[in-house]
Each structure stands twice: as structure tokens, then as C-alpha cells.
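Participant: Starting off with a structure, shown below.
Where a number appears in this text, it was derived from the coordinates with a stated rule and is not lab data. Given the structure is predicted, the values throughout are model-derived calculations rather than measurements. Cβ coordinates were reconstructed from backbone atoms using ideal geometry, including for glycine residues, and neighbour counts include every protein chain displayed.
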Amino acid sequence: MKVALYCRVACESDEAIKNQETVLRVYAEEQGFGDVSVYTDNGVSGSGFDRPAFNHLNEDISAGRVGAVIVKDLARIGRNAIEIPNWIDGVRRKGVSFISVMDGINGMRAIPESFGIRCRFVDLRQRGNPALENPTVIHDNLSKAMPSRIEREHAKH
């Protein structure tokens, strides 16, 4: 089974790409995957899905040349919280396993609920929302938007 290692960074950085590739190669080796190919989009934004290496990866998936896709984290696939799960579901329907090393997704495990929130903040920051540059503001906004477990339990009664 051919395993695709997909690496992407928005700002061109040979070092960042090399680090991603190293993480993925070590993971693949530890899991016993032998036949690996690396697909790299260096300096390409994840805001869209039209990327040279990503397109090549999709062509190889459609042609049945890939049995598994491994990424460092879900954000390497992109930043759109709706399209990423759709893409992953499409890959899985073709019989291709999807693994996100840092997110703990292996094979058919569900995408974490927090992923949509992370994508939304990244998207807003990319659009130039200065309030999102301050981690305290992000925390305060999340706290307002997401009631605590205790508040949810109290609301039930």
C-alpha cells in the first residue's frame, strides 16, 4: 500500500516543510508503512483547495495509487472547517485511510469538534481581525461562546 505524506505551509519555509516531512516519515516508519511518497505545497495557502501537490495527491487517490494519507495536523489539509471533513469523507469513501498525527485521527476516527473552532479563528486572523492577535481576547471570546460543563449541567436542572 502506497502511503502519501502531505506537507503544506502557507509562508515558504524549507525548514518548516522539512520538519513536517520528518515527523511524518518517523510516524510512517513506526507504523510499519514502507512505500511512502511525499507531496509538498511550500508557500501555498490552505484557504483554498487548488494547490499543485494537493491536486496531484487527489489525482493519485482517484487513480487508486494511494492507500493512506498522513498529515501532521488537519490544518495542513486546509483552513475551511466545512470542506476539510467533506474531503476526508470523500477520501475514506474511496477506501483510503486518513491519519492526522497531531490530532490523533487514525483511519476512520472522527474529526475533533474543536477543529471547526480552530479553523474559524485562523480564518478570522487571516482576514486581518486584530483582536485575534491577542490570546487573552481569544480565550475570553471562547469562554463567552462556550459555556462550561458546570454551566451546561446547571442549565439542565
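Participant: Treat the count of other C-beta atoms within 10 Å as a stand-in for reagent exposure and order Glu29, Glu15, Glu21, Glu83 from fewest to most.
Facilitator: Sorted ascending by nearby Cβ count, the order is Glu15, Glu29, Glu83, Glu21.
Participant: Would you work out the Kirkwood radius for the range 1-79? I mean one over the mean of 1/r across all pairs of different Cα atoms, in Å.
Facilitator: Its Kirkwood hydrodynamic radius stands at 12.6 Å.
Participant: Considering the dipole of the range 3-107 built from charges on the beta carbon (Lys and Arg +1, Asp and Glu -1) around the Cα centre, which of Leu74, Val38, Gly90 is farthest to its positive end?
Facilitator: So the residue furthest toward the plus end is Gly90.
Participant: Contour minus end-to-end for Asp50 and Ser97, with contour as 0.36 nm per residue of separation and end-to-end as the Cα-Cα distance?
Facilitator: 14.8 nm
Participant: Per 0.36 nm of contour for each residue apart, how much would the distance between Asp14 and Glu30 grow if the chain were fully extended, relative to their Cα-Cα spacing?
Facilitator: 3.4 nm
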